[in-house]
Protein chains: 4
Amino acid sequence: MNKYRKIQEEAYAANMRLPELNLVIFTFGNVSVADRDLGVFAIKPSGVDYTKLQVEQMVIVDFDGNTVAGDLRPSSDTKTHAVLYKHWDNINSVVHTHSTYATAWAQSQRDIPIYGTTHADYTTCDIPCAPPMSDEMIKGNYEYETGFQIINCLKERGLSNSDVEMILVGNHAPFTWGKTADKAVHNSAVLEEIARMAYLTEQINPQVPKLKDALINKHYDRKHGEGSYYGQ
Amino acid sequence: MNKYRKIQEEAYAANMRLPELNLVIFTFGNVSVADRDLGVFAIKPSGVDYTKLQVEQMVIVDFDGNTVAGDLRPSSDTKTHAVLYKHWDNINSVVHTHSTYATAWAQSQRDIPIYGTTHADYTTCDIPCAPPMSDEMIKGNYEYETGFQIINCLKERGLSNSDVEMILVGNHAPFTWGKTADKAVHNSAVLEEIARMAYLTEQINPQVPKLKDALINKHYDRKHGEGSYYGQ
Amino acid sequence: MNKYRKIQEEAYAANMRLPELNLVIFTFGNVSVADRDLGVFAIKPSGVDYTKLQVEQMVIVDFDGNTVAGDLRPSSDTKTHAVLYKHWDNINSVVHTHSTYATAWAQSQRDIPIYGTTHADYTTCDIPCAPPMSDEMIKGNYEYETGFQIINCLKERGLSNSDVEMILVGNHAPFTWGKTADKAVHNSAVLEEIARMAYLTEQINPQVPKLKDALINKHYDRKHGEGSYYGQ
Amino acid sequence: MNKYRKIQEEAYAANMRLPELNLVIFTFGNVSVADRDLGVFAIKPSGVDYTKLQVEQMVIVDFDGNTVAGDLRPSSDTKTHAVLYKHWDNINSVVHTHSTYATAWAQSQRDIPIYGTTHADYTTCDIPCAPPMSDEMIKGNYEYETGFQIINCLKERGLSNSDVEMILVGNHAPFTWGKTADKAVHNSAVLEEIARMAYLTEQINPQVPKLKDALINKHYDRKHGEGSYYGQ
């Protein structure tokens, strides 16, 4: 049997979750799943409609962005995924969508401020919006540089990729990641909901203050801290 | 037969209504149902996805928040439910969601003003938004204090829990209750719709006045007053 | 066979369209259908959930609001329907909903300005918002007076009930009507869409002018004028 | 076999996609598909509900707007389609909808500014909003003039119909086109999403700048340029 079959199946299932969760229309998104032992990841082929997608079409790519197996061309965002896997060895899945509210924040070039406990259940900071890239980076190896734009944005803010598993790329759209494909897709859906709630919050109260530290820390810690008591 | 089976079944069915009514994504909510004779309530286990939830997983907890029966850990919000049952002996079900519009109002730290008869059909007052708790309460027994924050907010405003069966906890999200699980879940869906309409009303007319007393009283009384003539 | 069966069936089918078209949640709406020969109309019983509604439950009421046949209490809005049938002999169906965007405009106490051809396909005027009633009318025969509030609002503006088949009752919600149940329900769905588009239009361009007369008349006439060429 | 059957089937299928993609309610839209060899196009009959539409009801019309075959009256917008086919020989399908967000922009009489890469994946310019027509044009051959309004709007801006395959007609609604019915319908759904995102973007950041040239060109070129690498 094809040694890539497991990550192809996982990547296929995760990609199919995107339209189910109303995070994409047509081909506006892609999920990849990595196999760290084999040093490769499986990713959606470029421009293939979700209704016609098949497991064996998932393209196998190494962490430098070279196609290793597969008949189709991988997603045009493949190099961004590759850079993240290469530089962050603790993640096994990356998701990119153009989900409506998260993309609107990205287009607005604003971080999503932390306004409530729904947000604090996932991270203690604002959701970062990486600035648009320089013209040189854009004209150069664009998708490859997009990966570095994400990595550098976290670095400059002193955040690790486990402090925050989601980011907006300015003028573009969101990326999320996680230890599993399930978690990375979950993060994309949660980001969309946080983005929608933050938009509504500012409409309802333009002078709204951010969430205070005690609540941020409480909600994050009860889910992720040492004495966490959320879940089983 | 398990003497808790009845409330487990009711709690299970009520929890499953939340995703059906688009009030939760993933595990963002929980319903409990009390048995006053047994002095316990059944509540959703923590962090279990609605798609995998089973009747027998409903955890049985007493009104001090101690688990009485069940293999799983109860919802992280369990103590809030317990406090409400202990102090309000006229309610038999509590619902907590992070429904989008109600949560946006909670994050905005504003009461939902009474703007129309849809709202007045349920209560004659603005939907209260309890202020965020003090840092001491948050760092202490947080979920337990959340229950008191709700109880005290109504008390300070001179409201009983039957005057208004819904509240926003500032920066967090809504809680609703009722004499039955059906009514408590109904209240959560109605709150979400009232929250959405109030948001749109202010967008359409930022200087909109509140509903006048004659209309408030008429609509509330025709549904809840002595000479009520709504329903069968 | 029950001589009311035909209008009961039509009223039942029309009521069931409301949740299908996302115009109501729970019991937030009602449709009636008149039989002019018999001098009665069939209307939804009060407070009965759409999921449990049955044809034979439709209550038969005369144009003075007296129940003529049926075991259940009719909709609490029955007298409003009765007044409209009694004073407007050219309509055979009335619909009341609390659909989200139309209700938000009603709560805002503003007419819906005519901003586009979608609106002009239905009427040449702004959708009227009848002012909230006087306290005396509210405390008196409220639902009966609501009917007169609607009739008088059109009268004061020099409009007939065929010039505009939809209205907002200030602080309350929309009513629509038509020659058939199909048309009256259609009008409720169209009103909701016009309300949503007008809200968005003002958000996108707060200084937006209204549609100019030439376009208003063209679109209305091609659908309703003497030389109309829309439809079959 | 009917020589028009192929375009009738394509037009039928494309029309049925509109309600599936939530781009129309009731009869608020129409798609046509041209056969360049036969010099005709198939278009939806006027005012027929999508739930009752049948393949053989598609009306066959020539590029001057004369009905060539079919028992029903063609869409009231038929002449607009005819003008576009006659003057633009590189398109084979035209779509007209009243989709909510795109129509709100049209009613606002504003171009949709280019704010992100989702937009740049389709065109490098703002989505044009053709100004409302002069009163003479409206009172004259209205639908015919609508076609010229579209053609002239692009001409005045120095755009070809392949530079941008979508337009708003001021105060009215959107039109899109393409080499195939699939592409023209796809463009209508994308336009609606771009319109929604641009609306949200301005709400979130009223001072938002437009997308910069380097990003516009990069995203457009990777999908449409000489060295394009999107899709298979």
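Suppose we filter D:TYR199, D:TYR229, D:TYR220 for residues that are under 14 Å from A:THR103 (Cβ atoms) and among the aromatic types (Phe, Trp, Tyr); which single one remains?
Among D:TYR199, D:TYR229, D:TYR220, only D:TYR199 is under 14 Å from A:THR103 (Cβ atoms) and among the aromatic types (Phe, Trp, Tyr).
Say we look at region D:60-104 and pick out the residues that are more than 14 Å from chain C (Cβ to nearest Cβ) and hydroxyl-bearing (Ser, Thr, Tyr); which of these is farthest from D:GLU145 (Cα to Cα)?
Per the criteria, the residue is D:SER93.
Among what's in region C:104-114 and is under 29 Å from B:ALA120 (Cβ atoms) and of a type outside the set (S, T, N, Q), pick the residue that is surrounded by the most Cβ atoms within 10 Å (Cβ to Cβ).
First, the residues of region C:104-114 that are under 29 Å from B:ALA120 (Cβ atoms): C:104-113.
Then drop every residue that is not of a type outside the set (S, T, N, Q), which leaves C:104-106, C:110-113.
On the way: C:ALA104: 29, C:TRP105: 27, C:ALA106: 33, C:ARG110: 20, C:ASP111: 17, C:ILE112: 26, C:PRO113: 18.
Filtering first and then ranking leaves C:ALA106.
Evaluate the following for C:TYR85: is it over 14 Å from the mean Cα position of the chain (by Cα), at pLDDT 95 or above and surrounded by 24 or more Cβ atoms within 10 Å (Cβ to Cβ)?
no
Considering each of D:GLN57, D:GLN109 in turn, give the residue that is touching a Gly at 6+ places or on another chain (Cβ under 6 Å) and within 14 Å of chain C (Cβ to nearest Cβ).
Values: D:GLN57 fails: touching a Gly at 6+ places or on another chain (Cβ under 6 Å).
The conditions single out D:GLN109.
Does B:GLU136 satisfy being modelled with pLDDT under 95 and among the acidic types (Asp, Glu)?
Against the criterion (modelled with pLDDT under 95 and among the acidic types (Asp, Glu)), B:GLU136 qualifies.
Do we find a residue being surrounded by fewer than 20 Cβ atoms within 10 Å (Cβ to Cβ), on the phi < 0 side of the Ramachandran plot and of a type outside the set (Gly, Ala, Ser) anywhere in region D:74-82?
No, there is no match, as no residue in region D:74-82 is surrounded by fewer than 20 Cβ atoms within 10 Å (Cβ to Cβ), on the phi < 0 side of the Ramachandran plot and of a type outside the set (Gly, Ala, Ser).
Hey, among the residues in region B:18-39 that are outside any strand (DSSP E or B) and in contact with a Ser or Thr (Cβ under 9 Å, 6 or more places away or on another chain), which one's farthest from the other protein chains (Cβ to nearest Cβ)?
Once the filter is applied, the top-ranked residue is B:LEU18.
State whether one or more residues within region A:167-188 are basic (Lys, Arg), over 19 Å from A:GLN109 (Cβ atoms) and out of contact with any Asp or Glu (no Cβ under 7 Å at 6 or more places or on another chain).
Kept after step one, since they are basic (Lys, Arg), are these residues of region A:167-188: A:179, A:183.
Narrowing the set further to residues that are over 19 Å from A:GLN109 (Cβ atoms) leaves A:179, A:183.
So of that shortlist, the ones also out of contact with any Asp or Glu (no Cβ under 7 Å at 6 or more places or on another chain) come out as A:179, A:183.
Taking every residue of region A:167-188 in turn, at least one turns out to be basic (Lys, Arg), over 19 Å from A:GLN109 (Cβ atoms) and out of contact with any Asp or Glu (no Cβ under 7 Å at 6 or more places or on another chain).
Can you name the number of the only condition in (1) within 14 Å of chain B (Cβ to nearest Cβ); (2) within 15 Å of C:HIS96 (Cα to Cα); (3) crowded, with 19+ Cβ neighbours inside 10 Å; (4) without any contact (Cβ under 8 Å) to a residue 40 or more places away in the chain that C:ALA42 fails?
Exception for C:ALA42: condition (1).
Would you confirm whether or not region C:54-74 contains a residue that is modelled with pLDDT of 95 or more and within 25 Å of C:TYR101 (Cβ to Cβ)?
Scanning region C:54-74, I find no residue that is modelled with pLDDT of 95 or more and within 25 Å of C:TYR101 (Cβ to Cβ), so the answer is no.
Considering region D:216-232 alone, what residues qualify as being of a type outside the set (S, T, N, Q) and not in a loop (DSSP other than H, G, I, E, B)?
Passing the criteria: D:ILE216, D:LYS218, D:HIS219, D:TYR220, D:ASP221, D:ARG222, D:LYS223, D:HIS224.
Tell me the helices (runs of 4 or more DSSP H) entirely within region B:115-215 that contain at least 2 residues that are among the acidic types (Asp, Glu), surrounded by fewer than 23 Cβ atoms within 10 Å (Cβ to Cβ) and within 11 Å of chain C (Cβ to nearest Cβ).
Once the helices (runs of 4 or more DSSP H) in region B:115-215 are filtered for at least 2 residues that are among the acidic types (Asp, Glu), surrounded by fewer than 23 Cβ atoms within 10 Å (Cβ to Cβ) and within 11 Å of chain C (Cβ to nearest Cβ), what remains is B:181-204.
The values are calculated or read from the model by the stated rules, or taken from the named source; none is laboratory data. Here the structure is a predicted model, which is why all the values come from computation and not from measurement. A quick note on method: Cβ atoms are made from the backbone with ideal geometry, for glycine too, and the neighbour counts reach across all protein chains shown.
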